[in-house]
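As structure tokens, the structure follows; a few thoughts come after it.
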Protein chains: 2
Amino acid sequence: MQEEYIENLIEQFRTLPGVGYKTAQRYAYSVIEGSRERAEKFSYAIKEAKDKIGFCKVCGNFTDKEICNICEKRNRKIVCVVKDPKDIISMERVKNYDGVYHVLFGTISPLEHRGPDQIKIKELLQRVSADKIEEVIVATNPDVEGEATAMYIAKILAPLGVKVTRLAQGISMGSDLEYADEVTLSKALEDRKPI
Amino acid sequence: MQEEYIENLIEQFRTLPGVGYKTAQRYAYSVIEGSRERAEKFSYAIKEAKDKIGFCKVCGNFTDKEICNICEKRNRKIVCVVKDPKDIISMERVKNYDGVYHVLFGTISPLEHRGPDQIKIKELLQRVSADKIEEVIVATNPDVEGEATAMYIAKILAPLGVKVTRLAQGISMGSDLEYADEVTLSKALEDRKPI
């Protein structure tokens with residue numbers, strides 16, 4: 001009994017990550033109940049973001065220019081390697097990181113037939129040689145694929161003499177030992193530091 | 001350091017109910033990472049829903065026609081009175097309701113200076129007289145304003161001799177007595193039924 005246009009809008013909201021039917025319905029009704037101006041702005045923002053945003057030529061971050069804001073203004077001697085453009089957002093929450101980024105657009109995954117050539121490792125190698133990069137911080141996820149990718153990058157960069165580091169692994173700040181999993185705890189124990 | 005177009009899209013997603021910055025960011029990135037076709041469909045669906053959807057002349061439900069699907073196909077002798085068009089969705093989940101609806105577009109609220117004339121009560125009165133309606137089911141929320149509105153509707157419809165009912169109040173199915181509030185429990189006790 002639902003009208004076609006509403007159903008269609010609900011379907012569109014359902015394509016967003018983690019949105020089920022009921023949430024999509026709430027969103028759709030909020031748009032329909034809202035002002036025409038808001039709906040137009042919303043509609044335009046979606047189209048415009050997709051039209052204008054591309055990838056930074058240097059690092060692979062999202063940008064509406066040829067080279068992104070981060071690459072333009074920051075210290076290019078330190079490069080943080082991430083899996084996806086959206087990981088840059090997470091890293092940027094650390095306010096005191098002043099280096100630039102390199103997006104791999106994936107990780108090495110033999111199970112999914114994705115080798116080093118399918119992700120932007122060659123480009124990283126070129127950047128390190130050309131830009132006289134001093135440190136490469138590998139910030140891939142602490143899972144099997146992320147670890148394998150980090151190991152591969154460390155190996156392939158070794159001949160260039162650049163310092164390659166990896167984000168520390170251990171228990172989360174503010175968490176509780178009781179809820180930490182064994183793998184994390186064992187890693188935290190292994191990497192313990194003098195105080 | 002975020003690009004303007006992304007920030008703008010995030011702002012738009014934040015206008016949705018219950019969406020904070022981080023969720024809006026996830027949504028925005030999902031749109032930017034998705035295909036151009038999907039972004040266009042999404043953008044179009046928002047504009048189109050707002051452009052095409054208006055209110056049903058009879059009941060006030062959302063529709064793209066003059067009279068909504070429900071008014072057209074169902075038993076017009078039973079009318080369920082709701083506060084907002086979206087409440088129709090909730091009622092429609094009850095599969096065996098075959099009557100039609102009447103949207104009040106608000107409730108009586110002295111605190112917010114909203115009297116019976118500010119909501120569609122006159123229109124309800126006209127429908128009841130004109131369409132020979134047999135039963136009016138008041139399905140406003142079980143809160144102070146909803147109760148006041150229900151009482152007012154019952155009073156004003158009394159001279160017309162139409163049967164006016166109210167949704168039953170009591171403990172929710174599948175819930176636990178331990179967690180029921182006193183007001184609900186007291187109401188459930190008061191309206192107890194022989195088994």
Checked region A:69-91 for anything more than 15 Å from the chain's Cα centre (by Cα) and open to solvent by less than 40 Å² (accessible area, probe 1.4 Å); matches are A:ASN69, A:CYS71, A:ARG74
Name, by its number, the condition in (1) more than 7 Å from chain A (Cβ to nearest Cβ); (2) open to solvent by 10 Å² or more (accessible area, probe 1.4 Å); (3) not hydroxyl-bearing (Ser, Thr, Tyr) that does not hold for B:GLY60. (2)
Just to be sure I understand, how many residues within region A:92-133 are of a type outside the set (D, E, K, R), closer than 17 Å to A:CYS56 by Cα and under 15 Å from the mean Cα position of the chain (by Cα)? 8
Taking region A:150-195 only, how many residues are of a type in the set (D, E, K, R), more than 22 Å from A:CYS80 (Cβ to Cβ) and not in a loop (DSSP other than H, G, I, E, B)? 3
Any residue in region A:108-130 that's free of Cβ contacts under 8 Å to residues at least 60 places away in the same chain: show its pairings with residues that are loosely packed, with under 12 Cβ neighbours inside 10 Å and basic (Lys, Arg) at Cβ separation under 9 Å, as long as the two are six or more apart or on different chains. A:PRO116/A:LYS122
Subset of region B:50-75, residues within 19 Å of B:ILE121 (Cβ to Cβ) and in contact (Cβ under 8 Å) with a residue 12 or more places away in the chain, comes to B:PHE55, B:CYS56, B:VAL58, B:CYS59, B:GLY60, B:ASN61, B:CYS71
For region B:1-48, the count of residues that are of a type in the set (Phe, Trp, Tyr) and open to solvent by 70 Å² or more (accessible area, probe 1.4 Å) equals 2
Which one of these does B:GLY20 not meet: (1) facing another protein chain (nearest Cβ under 7 Å); (2) under 32 Å from the mean Cα position of the chain (by Cα)? (1)
Quick one: which residue in A:SER35, A:SER43 is facing another protein chain (nearest Cβ under 8 Å) and not charged (D, E, K, R)? A:SER43
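The values are calculated or read from the model by the stated rules, or taken from the named source; none is laboratory data. This is a predicted model, so every value here is computed, not measured. With ideal geometry, Cβ positions are generated from the backbone for all residues, glycine too; neighbour counts draw on all protein chains shown. We work out accessible area using only protein heavy atoms, side chains counted, and drop any ligands, DNA or RNA first. Shrake-Rupley method; radii C 1.70, N 1.55, O 1.52, S 1.80 Å.
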